[in-house]
Amino acid sequence: MASDVQLQDWRDRALRVEEEVGKAIVGQRDTIRLINVALFARGHVLLEGDVGVGKTTILRAFSRAIGGDFERVEGTVDLMPGDLIYHTYVDAEGKPRIEAGPLLRHGERLATFFFNEINRARPQVQSLLLRAMAERTVSAFNREYRFPHMIVFADRNRVEKEETFELASAARDRFMFELRMPTPVEPEIRRALVFDPEFHDVDRLIERVAPAILPWQELNEIGAGIQRSIHASEVLERYVLDLWDASQNPERFGVRLDGVDMSKLILAGVSPRGMMSLTRAARVVAWLAGRTHITPADIHAVAPWTLGHRVFFTPVYELRRTLLAPALIEQILEHVPTPR
Amino acid sequence: MTCRTEIFRAALLMACTAIATDAVAAQQPSPAVVEQPRPFGYVVGDLVTQRVLLNFEPAALPPAQRVSIWFERRPPRIEKAADGRRWLVVDYQLINAPPALATVQLPAWEIKARGTQLKVPAAPISIAPLISNASGADLRPDREVSLIDTAPSRTSVVLWSIALGVTLAAWLAWVQWRNWRDSHNRPFARALYQLRRLDESAPEAWQAVHRAFDRTAGRVLQIETLPALFERAPHLQPQRAEIERFFAQSNERFFGAGSPGNLVSVRALCRELRRIERQHAP
C-alpha cells in the first residue's frame, strides 16, 4: 500500500498533467480529467466526436505529457495487421529488407500508441489490436514482443459511416472509457477557437505542453499503488454489484425508458471486465479528489463512460444505441439505491 | 395727654377685635344651600340624592366611598340648572336593610375651596325593610307548577349523544386511517413508521430515511445530487442545512472511515420532515 506522501506526490503530478494539457486544449475540462483517470487506472481510451473538435490534438497533448515513446497509426481501409508488425522495402543495394513495424519498433519503451480513426481499419487489424490492448503482447518473428507500459488511445469519427468498420463488441470492451468529445458551447471559447491564431497551429499548440512530466516506466506501479490504497466499503461494493445487476435486469430496479419494452431491451449486461474498469476508474477519481475511499459520486463520474458501450441491446434496439445507451445508464444511476 | 392715650388704646382694641372676628368667621364653615333628599320611603338598593348649590369652584369633590353602615356615596357630578346656577349632585345608595322601620342619618360633610368651606348638614332618612318579620306567616304560598313531560327531551338528548358518539368515533377512525395511509404513502411518514421499531443510530434506520429522500426526489439521491431534491420539493428548503448534514454524515458512515461523532438524530429529522410533508400534501 502506498504511503500518503507517495499518493500526494503522484496526485500533484497527475494534476500537473491536466494543467499542461489544458494549455493546448480549451473547453474540454471533463474530457481531460477522464483521460487522466484512464491513464492512472491503466485503461485504454476510445475517443469519439464530430470532425475537427480536437480529438487528435488532445491525445497528442497527453502523449507528450506522459513521455516515453509515442507511436501513431492512421486507420485506413487498406491497412493490414502486418503493417503494424513489420515494414518491407528494397534497400539501396536492391536487397529486400524487413524492419519492425510501428507496434514493435519501440519495444518496451512504447508508452502511448495512438490509433487514429480506428473504425476505418479492417476487423483483422482491430483483432490484432485487441490482443495488444488486453495482454500488451504481440507474437511476431517467432517470438513475443511485450509493451508493458503501453496505453492505447484511439479516436473514431462518428459522422462518417462509409468505408468504416464498426468495432466489434469484444474490441469495445477492451477500452476502459468510450468518451464522447463534445463541441465547445461557451461563446468565449468558440470565439477563441475560431479567431485566435494560436489555436490554428496544432504543432505549436502541442509544444506548449511540458514534455515527459510523468515517470512513464513507473505508471503501472503507481496505478497498482492507487488501487491498493483506495478503499471501497462493503456498502459501496453492494452498490456496484447492484449496478451490475441493473445493467442486466434494469426492470428489477424500476428503470423505464420511453417507447422501450424493457423486457426485450438487454441482450447482455456489462461484462466483468467492464465492472472492473468501473471500480478501477472510480478509485482514481477518489484519489484525484484527495480521498482514500470511493463514494457513489466517484462511480457516477465514470459510469456513463465505462458502462455505456458495454451494454448490448437486442437487434431491434441496437440501431438506437446512440440514444438509448446514455439514457439507460442515467436511469440506472437514478434508480439503484444506496446506501442499502 | 392721658385722655388722648386712652382714646387711641380703645380704638386699637376695637380694630384688633374686628380683625380677630373676621379671621374666626373665615375659618368657620358657612352653611350650604342644600336640597336634601326626601326623608322617608326608602328600602335597600334605593338611591338618595343630595343637591348642593355651588357658588365657587370646589377644590375637590367628595370621594366615592362608603360613608356609613347604611350608605355608599357614588361619584358626585356637577349639573347646571336652567337659571345658570351650578349644583353638586351627590347620590347615595342604601346598602343595608333594617329589621324594622328606622331613621338613620345621612352623614354631614364639607366642601372646601380656597379660603372658604361649605358645610352640608346631616339629614335624617327614614328607611324600611322590604318585608316585615312579623308578617312571615301571611306570605302567599308558592304557585303550584305543572310537571312537564321530559320524555321527548330525554329521547332527544340520548339520540344526540349517540350521534355525537358516532361522529367522534368516525373522526377518530378517520384520523387513524389517515395516519395509516400516511405511513404507507408519504415517504417520511413511512420512514418514521419504520423507525418506531429501530434504534435511530442503526444503519437500517439511516437507510430507511435515505429511501424516504429518494421517494421524495423521484430518484436516488447523493449529497452531490441534493439540488434535485429541493427542485422537486422546495418546501424542504428550511431544513436544508440539517438534510445536508445528514447526507454528509451518511457518506462518511457508509462509504468513508465510519460513523462520525455527534450523529444527526434521524428520528427528529424525519418527524420534522413529516410535518412539512403533511402541510404540503396535495
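Each value in this text was obtained by applying a stated rule to the coordinates, not by laboratory testing. Because the structure is a prediction, the values reported are computed rather than measured. FYI the Cβ positions are ideal-geometry reconstructions off the backbone, even for glycines, and counts take in every protein chain you see.
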On Cα atoms only, tilt of B:151-185 relative to the major axis of chain B in degrees: 40 degrees
In the protein assembly as shown, lysine pairs with alpha-carbon atoms under 26 angstrom apart (chain gap of 8 or more, or interchain): 4
Helix axis angle, B:266-279 relative to chain B longest principal axis, alpha carbon, degrees: 70 degrees
Anisotropy class of segment A:10-53 from Cα gyration tensor, a/c 1.5 cut: oblate
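May I ask you to derive the relative contact order of chain B, considering only C-alpha pairs under 8 Å and at least 6 residues apart, and to give it as an integer percent? Could you put the intermediate results ahead of the total?
Values: 349 pairs, mean separation 35.3, N = 282.
RCO, chain B: 13 percent.
Sort A:Val125, A:Val260 so the one with the fewest other Cβ atoms within 10 Å of its own Cβ comes first. Could you put the intermediate results ahead of the total?
Numbers: A:Val125 22, A:Val260 18.
Lowest to highest Cβ neighbour count: A:Val260, A:Val125.
Under a point-charge model restricted to the Cβ atoms of Lys and Arg (+1) and Asp and Glu (-1), what is the dipole moment magnitude of segment A:230-335 relative to its Cα centre, in debye to the nearest 20? Walk me through the intermediate numbers first.
On the way: 11 positive and 11 negative charges, 64 e Å.
For segment A:230-335, the charge dipole is close to 300 debye.
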Separation in nanometres of the label points that stand 7 Å from Cα toward Cβ, at A:Glu221 and B:Glu200: 5.2 nm
Three-way shape label, segment A:5-92, alpha-carbon gyration tensor, a/c 1.5: prolate
Of B:Ala169, B:Ser201, B:Asn185, farthest towards positive along the dipole that unit charges on Lys, Arg, Asp, Glu beta carbons give segment B:167-226: B:Ala169
Distance between modelled label sites at A:Arg256 and B:Val67, nm, 7 Å Cα→Cβ extension: 9.4 nm
5 angstrom amide H check on A:Met181, placed H, neighbours 5+ away: A:Glu48, A:Gly49
Taking A:Asp78, A:Asp298, A:Asp173 and counting other C-beta atoms within 10 Å, the order from fewest to most: A:Asp78, A:Asp173, A:Asp298
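In what sequence do B:Ser30, A:Ser169, A:Ser229 fall when counting other Cβ within 10 Å, fewest first? Could you put the intermediate results ahead of the total?
Values: B:Ser30 10, A:Ser169 13, A:Ser229 18.
Fewest to most other Cβ atoms nearby, the residues stand as B:Ser30, A:Ser169, A:Ser229.
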Kirkwood Rh, angstrom, the protein assembly as shown [1 / mean 1/r, Cα pairs]: 34.7 Å
Coil-residue chymotrypsin sites (Phe, Trp or Tyr not before Pro) of segment A:115-180, DSSP, other Cβ within 10 Å capped at 15: A:Phe141
Label-point separation in nm, A:Val51 to A:Asp78, each point 7 Å along Cα→Cβ: 2.1 nm
0 to 90° range, to nearest 10: angle between helix A:296-307 axis and chain A longest Cα axis: 50 degrees
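Please give the charge dipole size of chain B, origin at the Cα centre, charges +1 on K and R Cβ atoms and -1 on D and E Cβ atoms. Round to the nearest 20 debye.
600 debye
Suppose a student asked you for the relative contact order of segment B:27-101, using Cα pairs under 8 Å spaced at least 6 residues apart; what percent would you report?
Details: 123 pairs, mean separation 24.8, N = 75.
Contact order relative to length: 33 percent.
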Net lengthening on full extension, B:Ala122/B:Glu144 (0.36 nm per residue, minus Cα-Cα): 3.1 nm
Shape category assigned to chain B from the gyration tensor of Cα positions, a/c cut at 1.5: oblate
Whole-Å distance, taken between Cα centres, linking segment B:213-258 and segment A:178-204: 37 Å
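With charges only on Cβ, +1 for K and R and -1 for D and E, what is the dipole size of segment A:4-223 about its Cα centre, in debye, rounded to 20?
Details: 31 positive and 37 negative charges, 61 e Å.
That gives a dipole near 300 debye.
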